[in-house]
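Single-structure report; data block below.
Any read-out appearing in this document is the output of simple, stated calculations on the displayed coordinates, not a laboratory observation. These numbers were taken from a predicted model, which means no experiment stands behind them. Positions of Cβ are backbone-derived with ideal geometry, glycine not excepted, and every protein chain shown enters the neighbour counts.
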Amino acid sequence: MNIFKKYVVLFLVLFFCKNIAQEKKDSVYIPNKVINKTVSDTIHPKDREKDYNRWSVNLNVGTNIGIRPFTPGYSATTPNYITNPEFNHFDFNVRRMFNTKFGVMIDFAYDNFSAQNGSPDFSNNLYRTTFQGVLNMHRVMNWEEFTETFGLQFHLGPGFSFLQAPGTTTFNHYDNLFSINGGATLLIKISERLAFNLDYTMISNLTQHVALDGQSNVDPSLSRSGSIYTTSAGLTLYLGKKERHADWYWENVDTKKEYNDLLARIEDLETMLNDTDRDGVADYLDVENNTVNGVAVDTKGRAVDLNNNGVPDELESYVNNKYGDLQATVNNLISGDNNYSLAQMKNMINGQYVNVFFDFDETRITTGTISAINFLIKYLNANPKANAEVIGYADEYGDYQYNINLSRKRAERVMEMIVRSGIDAKRLKLVVKGEDNSVPKNSKLARQLVRRVAFKVD
């Protein structure tokens, strides 16, 4: 009988927990909910701040070689890179890197083609602009493992140019050309702001209508294509406020590993500092990490229960003060000396104040709750036309099918006792609920209450 009293008290206390937390919010510390945004959310390569500059400008000067097409008898100067370099090529470009490996550049170039010895005189100009993709091969190949001074770039992309030939009457002094441009650039780092570069570029003109000398039209059978090679040298100026440019930036593998390890440790600390049950005690210190929200706890997160009756003292005192002495209510409920009306008994049964409780993973009825069965039998005997549902429950432990079977066995055990008392089995209906999810999970107090058989009468 004492056990039955205890479980009824527990059940009623849990029912009022939500109301208690609301009314005591000014006197009980309830920390704000922890937003579990971990450091690892910010270390994705796309999200991490890039610690390098992206922009650069190049200014180059060099020579060109016009390969084709030329009018028969005409040829352009072929420079000797040592004795007669013939600086007839200039280019300027602006480049932006998306990351340390890939980028784009826009390039502006000027080339002059003039007659060499033995060729009729001519002097034509070619103006070109291109848009090209850039690949830092030294970053792709991890050259930092053996050098931080030399780099290698490849560039490729379309271009548009026009050939100006003021000394010819073959055409209206210019020819529009579309081209494909590609080449390689050797970088030699001078400082974090400056690099020397050597570039070799091949230009393939796709819509050439006039020879480079400007004296004849291109035979359509030659596909109206032309070729020009340029060799140049110049300086690359790096722009930006960061210490390094993307061309020379790389992450030390060991440092990166230490950085990631540190982030992981910070993430673990954040998780440990979470307060799942919001009792003001961090999870890593919380011995009882499922206390009822709003009750006073000690420094280890345990609900204060000085009388050791399984009900936090603060909740028990609150419920007794507001709703009367629950212990006295329970005594009246199970006492055979009280003459409740059938309506009152029905309300208490259907309100699930009358329950048969079970120990963990057990189907054996606890001795102290047999009085609940007697209370139902008393009602059924006093009301011969009434029928009853015998409803079995289980706690959240175990899978779905296991809890269904367990709650069925509990209900069957209670039905067996009722039938033995003389109640016709036809007046009883077996109802199997499995897990009772009407109370908070992960709570020792809640699990004591849901391992039960309840009743419903008509």
Calculated FRET efficiency for the pair residue 282/residue 387, C-beta based, R₀ 56 Å, to 0.05: 0.60
Would you mind estimating how fast the stretch 80-171 diffuses translationally, via Stokes-Einstein at 4 °C and 1.567 mPa s with the Kirkwood radius over Cα pairs, in µm²/s? 80
Using amide H atoms built 1.01 Å from N in the peptide plane, name the residues 5+ places from residue 218, or on other chains, whose amide H lies under 5 Å from its own. 210, 211
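Ranked highest first by average number of other Cβ atoms within 10 Å, how do 181-193, 400-412 line up?
400-412, 181-193
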Expected vector for the stretch 149-159, Karplus 3J(HN,Hα) from phi with 6.51, -1.76, 1.60 and θ = phi - 60°, integer Hz, x for Gly and Pro, equals 10, 10, x, 9, 10, 10, 9, 7, x, x, x
Once you order the gyration tensor axes a ≥ b ≥ c over the Cα atoms, which shape class does the stretch 95-148 get: rounded for a/c under 1.5, otherwise prolate or oblate by comparing a/b with b/c? oblate
Using θ = phi - 60° and the Karplus relation 6.51 cos²θ - 1.76 cosθ + 1.60, list the HN-Hα couplings for the stretch 230-246 in order, rounded to whole Hz, with x at every Gly or Pro. 10, 10, 9, 9, x, 10, 10, 9, 8, 10, x, 9, 6, 6, 10, 8, 4
Among 136, 84, 204, whose Cα lies farthest out toward the positive end of the dipole of the stretch 55-248, if unit charges sit on the beta carbon of Lys, Arg (+1) and Asp, Glu (-1)? 136
Compute the semi-axes of the equivalent ellipsoid of the stretch 339-458, taking the square root of 5 times each eigenvalue of the Cα gyration tensor, and list them largest first in whole Å. 25, 15, 12
In the stretch 339-458, lysine pairs closer than 12 Å at Cα, eight or more apart or cross-chain: 5
